[in-house]
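Engineer: Next up is a structure, given as structure tokens.
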Amino acid sequence: MTKAVWSPGETQHEHREMRGFASFEDPAALSYVDSDGNPKFTLIRETDEFRVLRRRLTAFVFPMTALFLSSYLTFVLLSAYAHEFVSTKVIGVINVGILLGLGQFVTSIIITLGYARYAKRRLDPQRQLLAEKTGVEE
Amino acid sequence: MPTTGNPVLNLSVFAVFVLITLYIVYRASSRNVTASDYYAAGSSFTGAQNGVALSGDFLSAASFLGISGGIAAHGYDGFLYSVGWVVAWLVGLLLIAEGLRNTGRFTVGDVLAFRMRQRPVRAAAANATLVISFFYMIAQMAGAGGLIALLLNVSSKWGQALLIAVVGMVMVLYVLVGGMKGTTWVQIIKAVLLLLCVTLMSIFLLGKFGFSLSAIMQQATEHNKLGEAVLDPGAKYGFSTMSKLDFVSLALSLVLGIASLPHVLMRFYTVPNASEARRSVVWATWTMVIFYLCTLVIGFGAMALVGTDTIAAAPGGENSAAPLLAFRIGGAVLLGIVSAVAFATILAVVAGLTLAASASFAHDVYANVIKRGNAEPRREIRVARLTAVVVGALSIVGGIAANGQNVAFLVSLALALAASANLSTILYTIFWRRFNTTGTLWSIYGGLGSCLVLIIFSPVMSGAKTSIFPDVDFAWFPLGNPGLVSIPFSFLCGFLATIFSKAEPENADRAAEMEVRAISGIGARA
């Protein structure tokens, strides 16, 4: 891995660390970094690696948001409009409503852990691929 | 009337806490030189540390005292309220945390103005931040008043006002001395103490009732005049069409508003990268689940052991359920500890809010709108510190004025404002390529404005016995919480304004940069 030199203009911005394959040593290859060492974001956005990353992220995040929002709203609406049903006692004096509420806690944890796992397995490796292809990291 | 222990003991436990944390703040912040140190603690916290601090921001007086008190007074309806606080973290985790961390540096304005025309958008973002923080802060300060009334047996309005002023000044001191790093450490210490406190109390209570939640709730029903009906929905929100709709509106504001609060959003900048931001939300979710399970036990425990009527008659009303229960099971010492933790909670949360508000003014308004991005960092921090003092003074005045108002309710208004002004705008900015400056301004001001107007013309302000102005009636909006209308309205405003205005080809490069950074983290290291 090579390290790009800071250009004078760069000092105005935050210092970015540049590592990767595309560098000044190899000007003939398609470079994702401009002569000031800044990433060429428009080019990066068109790469297949980025598109896959974007698709994987939205394919998880949006359906999951719809899922937990509708499950939460179902709980809220049942509490407001299905009084008899949520008041049904299940264990001792604990009723359906309390259990549904605790169920929200459980689903929150499951979705949280699910996303953490998905991000680790499907998103982070793809980010790594993209970083390797473009020669730009965080 | 129950005794609330020895005020001198309460006060000394509290004073010891303040001294210790001030010392830590002082030590932690000896290198508060750059803007990044002051606003974002140099992005040096780990995900776990920040996660605990994040949950600390939510374990506020309103949620600790308010929710356990709500459960002790209204049973099921109090519990309903707590569910929203947990689920809301998913919005932060899935939609906001990583994109925000990757595209901003110090404030919400950084993200919203990233690919838009800088000055109008930054000014709008700062306006929204200041309004939201002010509402939230008044709620916390009003909570401090009630708590002081209970714990120190100060019942005169002047005495309480004096104590609110002292709390306000200590909090400004934290911010001035500690910046984000100091504030975060206070938040971490407080969150750990609070969690230990509620966990031990819950385990003790459960042990007393043979580890059966049902047994606690059974005994609780015997000490509430509603009897077993308190375990069913409706004890607080009632059965009329409007009160049900009002409840749904509150639930929506809760779940969408929490992750849109400026001081929470700002926390995502204290970690070095997006994956640490993700980890911090995972930590926060766990802490919140444990915490709210405990409040369920503590709330019903207080109902069972102290009794709803006794709690209602205590100086702090509903808010005093947890402290009274502590006194009942652990005597003066446990009460002293619980009160110190509750005080610390208010201090820490208000310090976080003050920091968010002052950062927004100094970084967005002073440095970027007034100085057009050419402010000298040292002067910017000086402006931030000055703003913190002004914001602190305003919140002391507001807190004294709002002393005695319902805390959880004031918080719910702040949440509605946050969800209306910030959520739609952040989501569009991160995920919608076509979104432009006009859309941004419309969705911020549309959400903020509609929310404020609906609050002014709601029963909160006038026309009901519990209103702020009970003697006049200019209310025409029937709901106490405007979220159900104003949140969709801000999404609609942002959408229509974008569709009917020109695209901004001159910002296309910045848009590409934002999209790549938000999703991949490339180029995001600050």
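The values are calculated or read from the model by the stated rules, or taken from the named source; none is laboratory data. Just so you know, these numbers come straight off a predicted model, no measurement behind them. With ideal geometry, Cβ positions are generated from the backbone for all residues, glycine too; neighbour counts draw on all protein chains shown. In case anyone asks, the SASA skips ligands and DNA or RNA and just uses the protein heavy atoms, side chains included. Shrake-Rupley method; radii C 1.70, N 1.55, O 1.52, S 1.80 Å.
Engineer: Taking the Cα atoms of the range B:117-272, what is the range of coordinates along each of the three principal axes, in descending order and whole Å?
Structural biologist: 58, 42, 40
Engineer: So what is the diffusion coefficient of the protein assembly as shown in µm² per second by Stokes-Einstein at 25 °C and 0.890 mPa s, using a Kirkwood Rh over Cα pairs?
Structural biologist: On the way: Rh = 25.4 Å.
For these conditions, the coefficient is 97 µm²/s.
Engineer: As I understand it, the value is the acute angle between the Cα axis of helix B:274-305 and the longest principal axis of the Cα atoms of chain B; what does it come to in degrees, rounded to 10?
Structural biologist: The two axes meet at around 20 degrees.
Engineer: Fully extended, how many nm does the chain gain between B:L492 and B:L226 (0.36 nm per residue separation, minus their Cα-Cα distance)?
Structural biologist: Numbers: separation 266, 0.36 × 266 = 95.76 nm, distance 4.28 nm.
That pair, B:L492 and B:L226, stretches by 91.5 nm at full extension.
Engineer: Could you give the nm distance between label points at B:I203 and A:R55, where each point is 7 Å from its Cα heading toward the beta carbon?
Structural biologist: 5.0 nm
Engineer: Among residues other than A:N95 whose Cβ falls under 11 Å from its Cβ, what is the net charge (Lys/Arg +1, Asp/Glu -1)? Before the final figure, lay out the partial values.
Structural biologist: Details: positive: A:K89; negative: A:E84, B:E228, B:D232.
Local charge sum for A:N95: -2.
Engineer: For B:H363, B:H223, give me the order by solvent-accessible area with a 1.4 Å probe, most accessible first, ignoring ligands, DNA and RNA.
Structural biologist: On the way: B:H363 20, B:H223 80 Å².
Largest to smallest exposure gives the sequence B:H223, B:H363.
Engineer: Within 10 Å of each Cβ in peptide B:89-102, how many partner chain Cβ atoms are there on average? Round it to a whole number, please.
Structural biologist: Details: counts 3, 11, 3, 0, 9, 10, 4, 0, 0, 4, 2, 0, 0, 1.
If you average over the peptide's residues, the count of other-chain Cβ atoms is 3.
Engineer: Using only the alpha-carbon atoms, how far is helix B:118-151 inclined from the longest principal axis of chain B? Give it as 0 to 90 degrees, nearest 10.
Structural biologist: 10 degrees
Engineer: Quick one: if the Förster radius is 60 Å, what FRET efficiency do A:L78 and B:K371 give, using the C-beta to C-beta distance and rounding to 0.05?
Structural biologist: The pair A:L78/B:K371 has a calculated efficiency of 0.65.
Engineer: Still on this structure, I have one more. Using just the helices of chain B, give the 222 nm mean residue ellipticity in deg cm²/dmol: DSSP H runs with n ≥ 4 each add -39,500 (n - 2.57), and the total is spread over all residues, rounded to 500. List each step's numbers first, then the result.
Structural biologist: Working: 21 runs with 367 residues, N = 526.
Calculated mean residue ellipticity at 222 nm is -23500 deg cm²/dmol.
Engineer: Give me the percent relative contact order of chain B, please, defined on Cα pairs under 8 angstrom at least 6 residues apart. Mind showing how you got there, number by number?
Structural biologist: On the way: 977 pairs, mean separation 157.3, N = 526.
So the answer I get is 30 percent.
Engineer: Quick check on the range B:197-336: take the gyration tensor over C-alpha atoms, sort the square-rooted eigenvalues as a ≥ b ≥ c, and tell me if it's rounded (a/c under 1.5), prolate or oblate. Before the final figure, lay out the partial values.
Structural biologist: Numbers: a/c = 2.14, a/b = 1.36, b/c = 1.57.
The shape class here is oblate.
Engineer: Report the B-A buried area as the accessible area lost on both sides summed, probe 1.4 Å, in Å² to the nearest 100. Numbers along the way, then the final one.
Structural biologist: On the way: alone 20050 and 10180 Å², together 24710 Å².
The summed interface area works out to 5500 Å².
Engineer: If DNA, RNA and ligands are ignored and the probe is 1.4 Å, what is the ranking of A:I109, B:I311 by accessible area, most exposed first? Walk me through the numbers before you get to the answer.
Structural biologist: Values: A:I109 30, B:I311 5 Å².
Descending order: A:I109, B:I311.
Engineer: Given just the C-alpha atoms of the range B:149-198, how large is their convex hull per residue in cubic angstrom?
Structural biologist: Details: hull volume 3.7 nm³, N = 50.
Per-residue hull volume (Cα only) is 74 Å³.
Engineer: Local charge sum around B:D232 (other residues, Cβ-Cβ under 11 Å, Lys/Arg +1, Asp/Glu -1)?
Structural biologist: Working: positive: A:K89; negative: A:E84, B:D77, B:E228.
Value of the local net charge: -2.
Engineer: Quick check on chain B: take the gyration tensor over C-alpha atoms, sort the square-rooted eigenvalues as a ≥ b ≥ c, and tell me if it's rounded (a/c under 1.5), prolate or oblate.
Structural biologist: Numbers: a/c = 1.75, a/b = 1.41, b/c = 1.24.
Here chain B falls in the prolate category.
Engineer: For B:A312, what charge total do you get from the other residues with a beta carbon under 14 Å from its beta carbon, if Lys and Arg give +1 and Asp and Glu give -1?
Structural biologist: Working: positive: B:K225, B:K236; negative: B:D309, B:E318.
Local charge sum for B:A312: 0.
Engineer: What translational D, rounded to a whole number of µm²/s, comes out for the range A:32-138 from Stokes-Einstein when the hydrodynamic radius is the Kirkwood one over Cα pairs, at 4 °C and 1.567 mPa s?
Structural biologist: Working: Rh = 17.2 Å.
The estimated diffusion coefficient comes to 76 µm²/s.
Engineer: Suppose accessible area is computed on protein heavy atoms with a 1.4 Å probe; arrange B:W89, B:W286, B:W432, B:W442 from highest to lowest.
Structural biologist: Numbers: B:W89 5, B:W286 110, B:W432 60, B:W442 145 Å².
So, going from the largest accessible area down, we get B:W442, B:W286, B:W432, B:W89.
Engineer: Could you work out how far helix B:241-257 tilts from the main Cα principal axis of chain B, as a 0 to 90 degree angle to the nearest 10?
Structural biologist: The helix B:241-257 is inclined about 60 degrees to chain B.
Engineer: OK, next. What does the C-alpha gyration tensor say about the overall shape of the range B:370-495? Classify as rounded when a/c is under 1.5, otherwise prolate if a/b is larger than b/c, or oblate. Each step should come with its number before you reach the end.
Structural biologist: Details: a/c = 2.84, a/b = 1.21, b/c = 2.35.
Here the range B:370-495 falls in the oblate category.
Engineer: Further question on the same structure: Name the lysines eligible as straight-distance cross-link partners of B:K157: C-alpha to C-alpha under 26 Å, and not fewer than 8 places from it in the same chain.
Structural biologist: B:K465
Engineer: Here's another thing I want to ask about it. Not counting ligands, DNA or RNA, and with a 1.4 Å probe, what is B:Y445's accessible surface area in Å² rounded to the nearest 10?
Structural biologist: 100 Å²
Engineer: Give me the inter-chain shielding for A:65-72: mean count of other chain Cβ atoms within 10 Å, whole number please.
Structural biologist: Working: counts 6, 0, 1, 5, 6, 0, 1, 10.
Per residue, the average neighbour count from other chains is 4.
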